[in-house]
Amino acid sequence: MKTRSNPVYSSIDTTDLVHAAKLIQSVAGGPKPAVGGVKLGLEFFLAHGAPGVRYAFPTPVRATGVGFFLDLKLHDIPNTVAGGIRAVVDLAPTYITIHASGGREMMKAAAEEAAAQAAKHNVPRPKLLGVTVLTSLDRSDLEATGVDADPSDQVVRLAALAQESGLDGAICSPHEIAALRKRCGSEFVLMVPGIRPVGSAANDQKRAMTPRQAVDLGASHLVVGRPIYQAADPRAAAEAIAREAGINDL
Ligand code: C5P
């Protein structure tokens, strides 16, 4: 039987550079990381840019083989999004996000640029993930933007468009995993936030699922923020969540 790799991506939601570096070292440092990857997002990247990534997530930690999710949620004309991708590929992110609602040409341009830049910098090609419908939007919010669709139908539509446009996967809530697996197949990457371990505080995640439920439904990766980075012992929290997700060899 194929051993499942650790699906947990620890979201490092802080602009404090030193704190981010400590958190990353604690959950992803060697010899054996407690997580499958770390996520750095907009707030960290806007505050510290590429030098901040190199500082907080240095080569020795990267060398443990842990994944790197650069959650930039790019959305602009194709040429500009391709330029954004070009600017970050040498950081060797495993995943980068772009908005699927930016359209086919934008996604194609991003995918082509990611492949070209990876070859140029001799790094693995970053996988591009489409942001579908933000979970902060409900049906009436969509309607106000001119989209007359149920959010879950719109998620499937945008994920399918992302796949047709050469993207590798999508971000989705736990409640959309089953529909997306059915529509996009087993190879499509599903990166899933809104995860809460058994018995933990939901915070503002209204429709959270447990790690085990999300993995059983077909999530590729689980994005977990506060339950890890706000824990008294982030590494122990990450290990417990990985175990809940079915990883036993930590
Ligand atoms: O603290 P928590 O586990 O809720 O954090 C989840 C992470 O996933 C955060 O970085 C948040 O921005 C992100 N996220 C989310 N819901 C989405 C998309 C991203 O919670 N729909």
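The values are calculated or read from the model by the stated rules, or taken from the named source; none is laboratory data. Keep in mind it's a predicted model, so treat the numbers as computed, not measured. Heads up, the Cβs are rebuilt from the backbone with ideal geometry, glycines too, and the neighbour counts pull from every protein chain shown. With ligands, DNA and RNA removed, areas are computed over all heavy atoms of the protein, side chains included. Shrake-Rupley method; radii C 1.70, N 1.55, O 1.52, S 1.80 Å.
Could you list all residues from segment 181-225 that are of a type in the set (A, V, I, L, M, F, W, C), within 19 Å of residue 136 (Cα to Cα) and within 17 Å of the chain's Cα centre (by Cα)?
Matches in segment 181-225: 190, 191, 192, 195, 208, 209, 222, 223, 224.
Residue by residue through segment 33-56, note down the ones that are of a type in the set (A, V, I, L, M, F, W, C), in contact (Cβ under 8 Å) with a residue 60 or more places away in the chain and in contact with a Phe, Trp or Tyr (Cβ under 8 Å, 6 or more places away or on another chain).
Answer for segment 33-56, where residues must be of a type in the set (A, V, I, L, M, F, W, C), in contact (Cβ under 8 Å) with a residue 60 or more places away in the chain and in contact with a Phe, Trp or Tyr (Cβ under 8 Å, 6 or more places away or on another chain): just 35.
In the list 223, 198, which residue meets the criterion of being of a type in the set (Val, Ile, Thr), surrounded by fewer than 24 Cβ atoms within 10 Å (Cβ to Cβ) and touching a strand residue (DSSP E or B) at 6+ places or on another chain (Cβ under 6 Å)?
223
Any idea which of (1) within 12 Å of residue 229 (Cα to Cα); (2) of a type outside the set (A, V, I, L, M, F, W, C); (3) open to solvent by less than 40 Å² (accessible area, probe 1.4 Å); (4) in a helix (DSSP H, G or I) is the one residue 49 doesn't satisfy?
That leaves (1) as the condition not met.
Quick one: in segment 137-163, which of the residues that are part of a loop (DSSP other than H, G, I, E, B) and small (Gly, Ala, Ser) is most open to solvent (accessible area, probe 1.4 Å)?
Per the stated criteria, the residue is 146.
Restricting segment 69-110 to residues that are of a type in the set (D, E, K, R) and under 16 Å from residue 49 (Cα atoms), which is surrounded by the most Cβ atoms within 10 Å (Cβ to Cβ)?
Looking at the filtered set, the residue picked out is 71.
With the checklist (1) more than 16 Å from residue 103 (Cβ to Cβ); (2) open to solvent by less than 30 Å² (accessible area, probe 1.4 Å); (3) among the β-branched types (Val, Ile, Thr) in hand, flag the one item residue 132 doesn't pass.
(1)
Considering only segment 151-164, I want to know if a residue exists there that is within 14 Å of the ligand (Cβ to nearest atom), in contact (Cβ under 8 Å) with a residue 60 or more places away in the chain and of a type outside the set (A, V, I, L, M, F, W, C).
no
Given the condition within 15 Å of the ligand (Cβ to nearest atom), open to solvent by 30 Å² or more (accessible area, probe 1.4 Å) and within 30 Å of residue 104 (Cβ to Cβ), answer yes or no: does some residue in segment 179-187 qualify?
no
Residue under question is residue 83, and the condition is that it be over 25 Å from residue 192 (Cα atoms) and among the small types (Gly, Ala, Ser); does it hold?
Yes.
For segment 210-220, which positions are closer than 20 Å to residue 23 by Cβ and either out of contact with any strand residue (DSSP E or B) (no Cβ under 9 Å at 6 or more places or on another chain) or free of Cβ contacts under 8 Å to residues at least 24 places away in the same chain (or both)?
none
Can you tell me which condition residue 69 does not meet? The list is (1) in a helix (DSSP H, G or I); (2) within 16 Å of the ligand (Cβ to nearest atom), and all the others hold.
For residue 69, the failing item is (1).
Filtering segment 227-250 down to residues that are over 29 Å from residue 182 (Cα atoms) and at pLDDT below 95, which residue is farthest from the ligand (Cβ to nearest atom)?
249
In contact (Cβ under 8 Å) with a residue 12 or more places away in the chain, touching a Phe, Trp or Tyr at 6+ places or on another chain (Cβ under 8 Å) and among the charged types (D, E, K, R): which single residue out of 196, 226, 207, 181 fits that description?
181
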